[in-house]
Amino acid sequence: MIIRQKDVPEISVGGDIESGSLIAKKIIHRDEHSKDISVVWVKFEGQHKKMACDASDRVYYIIGGEGQFQVGDDEPGKVTAGDFVFIPKGVPYMFDGHMTFLVMNGPAFIPGTDRFPE
């Protein structure tokens, strides 16, 4: 199966960011493709709220731009195109910047499993 990003409709994601903008496209998702993995294409600018996913490990692959991630108790680190960020299930993280990235979840993302700790 070939999925062309340009053919996938944008979805609205508003409550997850503190400031800025987020445009997303569900490329591979639980309802249509697989319960084992999901992939979302995202164009992001701003600051994202601290969050944790209680159902999946999560990987971010930075396609373009630059930003900063803080995962758990680690020091914040800068990311640029070609970098990966691994976030284990249940570990809080946050990020900011001006980036285009892929978010991969294994198992596939289940709506309602993200939480936003203080």
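Per-structure values
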item	result
Selection count, segment 1-39, where residues are in a loop (DSSP other than H, G, I, E, B), at pLDDT 90 or above and farther than 16 Å from Ala55 by Cβ	9
Residues of segment 93-118 satisfying the condition of being buried (at least 19 other Cβ atoms within 10 Å of the Cβ) and not aliphatic (A, V, I, L, M)	Tyr93, Phe95, Asp96, Gly97, Phe101, Asn105, Phe109
Candidates Ala108, Ala81 - the one that is under 21 Å from Asp36 (Cβ atoms) and not polar (S, T, N, Q)	Ala108
Evaluation of Asp7 against (1) charged (D, E, K, R); (2) touching a residue at least 12 places away in the same chain (Cβ under 8 Å); (3) out of contact with any helix residue (DSSP H, G or I) (no Cβ under 9 Å at 6 or more places or on another chain) (one fails), failing number	(2)
Residues being free of Cβ contacts under 8 Å to residues at least 12 places away in the same chain and in a strand (DSSP E or B) - total across segment 42-99	1
Boolean, Ala24 is aliphatic (A, V, I, L, M), surrounded by 17 or more Cβ atoms within 10 Å (Cβ to Cβ), closer than 30 Å to Glu118 by Cβ and free of Cβ contacts under 8 Å to residues at least 24 places away in the same chain	yes
From Ser56, Ser38, Ser19, Ser34, residue being among the polar types (S, T, N, Q) and under 11 Å from the mean Cα position of the chain (by Cα)	Ser38
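The values are calculated or read from the model by the stated rules, or taken from the named source; none is laboratory data. If you're wondering where the values come from, they're calculated on a predicted model, not measured in any experiment. Positions of Cβ are generated from backbone atoms using ideal geometry, with glycine treated the same way; all protein chains shown enter the neighbour counts.
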